[in-house]
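The values are calculated or read from the model by the stated rules, or taken from the named source; none is laboratory data. Computed from a prediction, not measured in an experiment: that's the story for all the values here. Please note: Cβ atoms are built from the backbone with ideal geometry, for glycine as well, and neighbour counts cover all protein chains shown. Surface accessibility is based on the protein's heavy atoms, side chains included, excluding ligands, DNA and RNA. Shrake-Rupley method; radii C 1.70, N 1.55, O 1.52, S 1.80 Å.
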Amino acid sequence: MNELGTRDLIIQASYLAASVLFILGLRSLTKPPQARLGMQQAAMGMLFAVIGTLLNSNILTYQWILIGLVVGGMIGYPMAMKIKMTAMPQFIAFSHAFGAIAATLVGVVEYRVRSGATGEEGLSHGLAAALGLEVLFGALTVTGSFMAFGKLQELITGRPITFKGQNAVNLLMIAVAFTALGLLIVNPMNGAAFYTVLGLAFLLGISMVLPIGGGDMPVVISLLNSYAGLAAAATGFAIGNNVLIIAGALEGAGGFILSLMMSKAMNRSFGNIIFGAFGAAPTKSTAAKGEAKEPRSITPEDAAVQLAYASSVVIIPGYGMALAQAQHVCRELMELIEKKGGEVKYAIHPVAGRMPGHLNVILSEAGIDYGALLTDVDDANRVIATADVVIVIGANDIVNPDAEDDKSSPLYGMPIFRPWTAKAVFVIKRGKGTGFSGVENPLFTRDNTLMLYGDAKGVLGSLVKEIKALDEGH
Ligand code: NAP
């Protein structure tokens, strides 16, 4: 076998290994105890993909690749190590934007080179379609991801920015972009059509994310993820790279399924998220619209006594727990209750926090066993109904009874936990702040609900201290 044949064989073998590892990685990620392994498999897959690509005989010089590797590594490594879990969504948006820049640049360069070449190296209709789709999805993802990053990082307002006729303008831009794509496919040498697709895609990324509220950004990011996957797959077709086609298809499908699952768990349609301007202004719940019933509070001393003698406790953590980074002290509280003979379970809602698996990750970081987590809403509600105490820690929307009782509530229809069915409910939050949806929560004024006001980490710390003091007989 000649040198070229051997090299090609090694490249294809690396790509095959990479594709298999990507699929195994995704499979492992479906089970939390194996999630770490899944990430390692995927990273190993990426290493094979990079090695295979570096062996490409078309590479003339490694100088710029090496510079890119060093500079990228110097920026990426410290960023990934330092980033806080709560800032993960914007970090993902930011890194997406760079992946999309790469795909878009490949599309533009490939178009310029191919449109100047003739014969087999030139532009076929199929190749023009692949390059057009690549820059369409790539450019849309670049600006869309930067917008999502800006909203989550609060560089721009997280509130939806809307204007009259916005949806019509967006639909018109989409129609023009697809018409230009059609013209490009019919005549691949039509450079004006190619650059129209590119320019409109950049604009669409901005205009489509503007009217979406900051809290919906995780859904947007996973949708953009799926666009980036499509751009990568199109790049794969354009440059004849199998691993890009496979990885792009996996990312495209994965991102889309994740967005659908998040929308379903929030009981919102895709249309409502993309065009609904959710979170524009706070609204009142039905209960709150009537009279002003004030929530009752309890001191950590009294709460500690109830917890010390409880035989079953369910903890419902939410976004506030992640913000307060209260997971470690929460585990300490759990261990104290268990030492006194009580059983502690965690009810984890599919959309608790601000990204899929947000609370699972935080609890596993604190060493809380996966077996203590109830991740099915119906199963959790059955356990909650028999619990002595439910502690709601920095959660709001996922325990809002209006999701069942108030048809006019934006939360109506979302599956929720029902802590009020337990004997007693303690709610830990700092004050009267609403949750992500901006609606008030009648749970806080229910008869068996008592508030423990303060930062989650501080309040849990006080509970731990009080239970220990009980043990010491103070
Ligand atoms: P939430 O409804 O956003 O409520 C969080 C609560 O935490 C707030 O009411 C806040 O009240 C409290 N809080 C904030 N900081 C705190 C601190 N340091 N200590 C104690 N409490 C604190 O959160 P959630 O119940 O987890 O619900 C998640 C929401 O996000 C849902 O509406 C869901 O649809 C949405 N969402 C989720 C995802 C996802 O993938 N997970 C994606 C997009 C949207 P105070 O200000 O009074 O303290």
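Miscellaneous remarks
- Each peptide in 137-144, 108-115 gets a packing score, the mean of other Cβ atoms within 10 Å over its residues, and the list from highest to lowest is 137-144, 108-115.
- Sequence ranges 431-441, 366-376, 326-336, ranked by mean other-Cβ count within 10 angstrom, highest first: 326-336, 431-441, 366-376
- Charge dipole (the range 300-473, unit charges on Cβ, about Cα centre) - positive-most of Q327, A469, Y370: Q327
- Difference of contour (0.36 nm per residue) and Cα-Cα distance, N56 to Y195: 47.2 nm
- Accessible area expressed per residue, the chain, with surrounding protein chains retained (probe 1.4 Å, Å²): 49 Å²
- Dipole magnitude (debye, nearest 20) for the range 102-281, charges at Cβ of Lys, Arg, Asp, Glu: 520 debye
- Taking the C-alpha atoms only, the angle from helix 35-54 to the longest principal axis of the chain is near 10 degrees.
- Taking a point 7 Å out from the Cα of K339 in the direction of its Cβ, the residues of the range 441-474 whose backbone N falls within less than 20 Å of it are 457-474.
- The range 380-474: Cα Rg divided by the 2.2 N^0.38 Å rule of thumb: 1.18
- With a Förster radius of 25 Å applied to the C-beta separation of D369 and Y309, the computed FRET efficiency comes to 0.60.
- Mean projected area of the convex hull spanned by the Cα atoms of the chain, taken over all viewing directions: 25.9 nm².
- Taking 18 Å as the limit for the C-alpha separation, the pairs K82/K457; K293/K432; K340/K465; K339/K468 exceed it in the case of K82/K457.
- Averaging the sequence gap over all C-alpha pairs within less than 8 Å and six or more residues apart, then dividing by the number of residues, gives the range 102-281 a relative contact order of 28 percent.
- Most tightly packed first, judged by the mean number of other beta-carbon atoms within 10 Å of their residues, the peptides 33-39, 221-227, 253-259 read 221-227, 253-259, 33-39.
- Surface composition of the chain: carbon and sulfur make up 65 percent of the accessible area, probe 1.4 Å.
- For the range 317-441, a Kirkwood hydrodynamic radius built from all Cα pairs, placed in the Stokes-Einstein relation at 37 °C and 0.692 mPa s, yields a translational diffusion coefficient of 222 µm²/s.
- Degrees, to the nearest 10: 242-265 long Cα axis against longest axis of the chain: 30 degrees
- Estimated distance in nm for a label pair at V113 and L260, the labels positioned 7 Å out from Cα along Cα-to-Cβ: 3.7 nm
- For the range 1-101: Kirkwood Rh in Å [reciprocal of mean 1/r, alpha carbons]: 15.8 Å
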